[in-house]
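*Asks:* Okay, handing you the structure first.
The values are calculated or read from the model by the stated rules, or taken from the named source; none is laboratory data. This one's a predicted model, so the numbers in the text were calculated from it and none came from an experiment. Glycine also receives a Cβ, built like all others from the backbone with ideal geometry; neighbour counts cover every protein chain displayed. Quick note on the areas: whole protein, heavy atoms, side chains included, nothing else; ligands and nucleic acids left out. Shrake-Rupley method; radii C 1.70, N 1.55, O 1.52, S 1.80 Å.
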Amino acid sequence: MGFTHTITAQPADIDELGHVNNAVWVRWIQDLATAHWQAVAPADHIAAYIWVVTRHEIDYRGNVGPGERVTGETWVPESPKGARFDRHVRFTGADGKVKVEAVTTWALIDRASGRLARVREDIAAPFMEHAELPPLQG
């Protein structure tokens, strides 16, 4: 299955409406993607490359309050295109309901040159091996 991580909403994550602020969801998406990279990429890839977001498409479907937990899932369903690939993200509450879904586009940067780098098969492979979660239907 895809990569998962559980997060508990902290008081600083909550906005004036009493639930997790939209900007926090964006941070959690990035944190989840980074944790996935750190968990599956070989050390030499982590040392040589860095990922940057080029696009977020986010659907907010529910609210999460202080102290509530969500399980974030992420997966890469398709092979990269040049220096970029799309990552899917879903956060599900303890009630089993999807709170946030996103498709984010990431680009690979060579740390030494600071330039875009083509995502070779060996760089993509660890993500693809953990990419079995299907997109949510409906």
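*Asks:* Are there any pairs with C-beta distances below 7 angstrom linking a residue in the range 24-40 that is without any contact (Cβ under 8 Å) to a residue 12 or more places away in the chain and farther than 14 Å from ALA9 by Cβ to a residue that is open to solvent by 10 Å² or more (accessible area, probe 1.4 Å) and part of a helix (DSSP H, G or I), with the two at least 6 apart or on different chains, and if so which?
*Replies:* So the pair list comes out as GLN38/ILE46.
*Asks:* In addition: Six or more apart or on different chains, Cβ under 8 Å: which pairs go from a residue in the range 48-75 that's within 29 Å of GLY114 (Cβ to Cβ) to one that's part of a loop (DSSP other than H, G, I, E, B) and open to solvent by less than 50 Å² (accessible area, probe 1.4 Å)? Could you list them?
*Replies:* Listed pairs, sorted by first residue: TYR49/ALA117; THR74/GLY2; TRP75/GLY2; TRP75/ALA131; TRP75/LEU133.
*Asks:* Follow-up. State all residues of the range 74-100 that are surrounded by 21 or more Cβ atoms within 10 Å (Cβ to Cβ) and among the charged types (D, E, K, R); if no residue qualifies, say none.
*Replies:* Scanning the range 74-100 gives ARG87, ARG90, LYS99.
*Asks:* Still on this structure, please answer the following. Within the range 22-41, track down each residue that is open to solvent by less than 50 Å² (accessible area, probe 1.4 Å) and over 12 Å from the mean Cα position of the chain (by Cα).
*Replies:* Those that are open to solvent by less than 50 Å² (accessible area, probe 1.4 Å) and over 12 Å from the mean Cα position of the chain (by Cα): VAL24, VAL40, ALA41.
*Asks:* Let me ask you something else. With respect to GLY18, determine if the residue is small (Gly, Ala, Ser), within 20 Å of PHE85 (Cα to Cα) and touching a residue at least 24 places away in the same chain (Cβ under 8 Å).
*Replies:* no
*Asks:* While we're looking at this one, here's another question. Suppose the filter is within 18 Å of MET128 (Cα to Cα), touching an Asp or Glu at 6+ places or on another chain (Cβ under 6 Å) and open to solvent by 10 Å² or more (accessible area, probe 1.4 Å); does THR4 pass it?
*Replies:* In short, yes.
*Asks:* Yes or no: GLY67 loosely packed, with under 12 Cβ neighbours inside 10 Å and more than 17 Å from the chain's Cα centre (by Cα)?
*Replies:* Considered against the rule, which asks whether it is loosely packed, with under 12 Cβ neighbours inside 10 Å and more than 17 Å from the chain's Cα centre (by Cα), GLY67 comes out as yes.
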